[in-house]
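First comes the structure, then the notes that go with it.
The values are calculated or read from the model by the stated rules, or taken from the named source; none is laboratory data. None of the values given here were measured: they were computed from a predicted structure. In this analysis, Cβ positions are derived from the backbone assuming ideal geometry, glycine residues included, and neighbour counts consider all displayed protein chains.
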Amino acid sequence: MLLEQLGPYRIGRQLGKGGMGTVYAAVDTQTNAPAAVKVLAPQLAMQAGFRERFEAEIESLKKLHHPNIVQLFGYGQQEEVLFYAMELVEGISLEDELAHGRRFDWREVCQIGIQLCRALKLAHDHGVIHRDIKPANLLLMPDGNVKLTDFGIARLFGNTGVTSEGGVLGTAEYMAPEQADGRRTTHHCDLYSLGGVMYALLAGRPPFRSQSLLEMLQMQRYSTPEPVRRFAPDTPEEFEQIIMQLLAKEPQERFPNALLLSRRLEAMQRGLSLHNDGPEGNGAGTARPRPAPRPVRATIAGDQGGVHVRSTQTGAATPASATSDFSVAGASFDDESVLELQTPSPVVATRFTTLEEEQRREAELQQQRREPLMTSTTVLLVLTLVAIVGLVIYALQPPSADTLYGRIDTAASANDSRKLSESKDDVARFLKLYPGDSRAGEVQAIQARIDSAKTGTSTLSVVQAKILVRRHPLSPLGNEYLEAVKLGETDPARALVRLQAIVNLYGHPEKESPGIRDFVEAARAQLPALRERVDALTLERRALINDRLKQADAIAEKDPKQATRIRQAIVDLYQDEPWAAPLVAKARQALVGKDGSALLKIAEP
């Protein structure tokens, strides 16, 4: 049967047809506004899960209102046929321009890039990724602006199986390496493809060329494109650097987002314009004249770069001028007069929804939700009761281990003794409520820091150390740690050496098991205060020894034997202590006779 109307649209001439469906010029019978209506192929609509994907993509596309994005008008279903209506765009695809030999001046390409960045920012901010940016999906308007088409089409038709090697290759020329590898698609993929498009507009060819799909995908993964200035010498070096950064193999090496990219392009454009505004200035190219209107060559929406066809404009009556080049949000295609739907009976049931209708319905629903179902007094009473019950439940419910640990860790990381002291209640609750938690040892170390700040001491008590050892009975560090803590009470210098050795040996606790990590963190927490204690003791002992040396010097002439005993005692007691080395050396020097021979040790009486 002949199809004459879909929803509010009177169907006109066929603009094109491909594996994904057929696109028609149409007119809204209510407003007489022109539109492009795409009828999806029946075999696609019957595939499992396709309708759900279709509705999900439409939901995303409804958010994209931007002058550089082809506008979606509405969508609907007639019998078993799915269709949607879009803006009918007067223009020609950039792929068609390239196919006819047009080379773009760098200023034109920069301006196109800025416009596309603005469109992509809006899409990415709404969580929509294009996935298939290429010259065929970019429509050049008579005023020089561009419109981006086919948002969401790559994901919508990604699993349909309707493709060909040549078709996939068309998209593969601009496909990000992570897409070629089958990894997760992010907004960085769109930025890579945009870099490929700008490269092609300047060089007249994509970054990579190959007749083999497999070879093309390998080149996207591993090869480096030739410098764009080799093909377009007038391109500024800074612009070439921007494009090469966009074509980086790793997503994190590209620009973080479309907004920053647009600002970089705008800054470059302003800087070079200020440097030399003349047509003969440094890096300023001249645009080649645009060819006269010609047959449209583009890509069928959803074919992932697929079937390339040519069409010749006819004189049939259309909503727009018959002499203009037209492309639509699916692309441009072969001319045919009408669509013959393979349906056994006339179309009866129709459902079509415009975006304005959806917005109105959503507003009505929100208004209904705001209408009170109960009096204000009843609502206030219910809310009060709910609040009281909630407070009671909250008061009776202890905080989770993650909540407590988060507060404790924040206080401990602040390097502020006051904040650390204020966290003592959280520390005590954590150790009481969650003694078996893997972070308990770390919290015990923090408790030791709090105790040290109170008492001025630096070490955990032996009792606390034994608790930590019992928590990790199989840890190879248990005995070493316990012995070091015990030494802290009698020989803090040796304890410092042993605890520092534990930290040095297992210096990356985040990579170790809790049985090692907890001991390392506990040892690390004690080192600063323990080091201060050892330094204080060392200064005190050095002062005492220095006093004894002065005493020996004072009595050397009157009582040389006693002076010798004092000096020899200093050597015997402290010759193995590094901190006493200068004092021991001074005592040894005094024990040497005037003739250079060592004096005999004088025995105690």
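Every listed requirement among (1) closer than 27 Å to Lys38 by Cβ; (2) surrounded by 18 or more Cβ atoms within 10 Å (Cβ to Cβ); (3) at pLDDT 90 or above is met by Arg131 save one, (3). Quick one: would you say Asp96 is at pLDDT 85 or above, under 23 Å from Arg270 (Cβ atoms) and among the acidic types (Asp, Glu)? Criteria not met by Asp96.
What are the residues in segment 136-145 that are buried (at least 23 other Cβ atoms within 10 Å of the Cβ) and within 15 Å of Cys110 (Cα to Cα), if any? Before the answer, list the steps.
First, the residues of segment 136-145 that are buried (at least 23 other Cβ atoms within 10 Å of the Cβ): 136-140.
Leu138, Leu140 - these are the residues of segment 136-145 that are buried (at least 23 other Cβ atoms within 10 Å of the Cβ) and within 15 Å of Cys110 (Cα to Cα).
I'd like the residue in segment 268-278 that is surrounded by fewer than 18 Cβ atoms within 10 Å (Cβ to Cβ) and polar (S, T, N, Q) and, out of all such residues, is farthest from Ile133 (Cα to Cα). Break it down stepwise before answering.
Kept after step one, since they are surrounded by fewer than 18 Cβ atoms within 10 Å (Cβ to Cβ), are these residues of segment 268-278: 270-271, 273-278.
Next, only the ones that are polar (S, T, N, Q) stay: 273, 276.
Numbers: Ser273: 29, Asn276: 33 Å.
Top of the filtered list is Asn276.
If you go through segment 87-117 and keep only what is buried (at least 24 other Cβ atoms within 10 Å of the Cβ) and touching a Phe, Trp or Tyr at 6+ places or on another chain (Cβ under 7 Å), you end up with Leu88, Trp106. So which of Ala387, Ala412 is within 29 Å of Pro528 (Cα to Cα), surrounded by 10 or more Cβ atoms within 10 Å (Cβ to Cβ) and small (Gly, Ala, Ser)? Just one listed residue meets the conditions, Ala412.
Examine segment 25-32 for a residue that is charged (D, E, K, R), farther than 16 Å from Thr149 by Cα and crowded, with 18+ Cβ neighbours inside 10 Å, and state whether such a residue exists. The answer is yes; a qualifying residue exists. Scanning segment 529-549 for residues that are touching a residue at least 60 places away in the same chain (Cβ under 8 Å) and either within 17 Å of Gln444 (Cβ to Cβ) or polar (S, T, N, Q) (or both) turns up Ala529, Leu530. Kindly evaluate Ala495 against the criterion of being out of contact with any strand residue (DSSP E or B) (no Cβ under 6 Å at 6 or more places or on another chain) and surrounded by 18 or more Cβ atoms within 10 Å (Cβ to Cβ). When the stated conditions are applied, Ala495 passes them. Scanning segment 17-66 for residues that are on the phi > 0 side of the Ramachandran plot and either touching a strand residue (DSSP E or B) at 6+ places or on another chain (Cβ under 9 Å) or among the hydrophobic types (A, V, I, L, M, F, W, C) (or both) gives a single hit, Gly21. Residues being at pLDDT below 95, of a type in the set (Asp, Glu) and in contact with a Gly (Cβ under 7 Å, 6 or more places away or on another chain) are entirely absent from segment 82-90. The residue that is surrounded by the fewest Cβ atoms within 10 Å (Cβ to Cβ), among those in segment 207-220 that are under 13 Å from Tyr174 (Cα atoms) and among the hydrophobic types (A, V, I, L, M, F, W, C), is Leu213.
For segment 55-76, a residue qualifies if it is over 17 Å from Ile129 (Cβ atoms) and surrounded by fewer than 19 Cβ atoms within 10 Å (Cβ to Cβ), and the qualifying residues are Glu55, His65, Pro67, Gln71.
Scanning segment 221-267 for residues that are of a type in the set (Val, Ile, Thr), surrounded by 19 or more Cβ atoms within 10 Å (Cβ to Cβ) and part of a loop (DSSP other than H, G, I, E, B) gives a single hit, Thr235.
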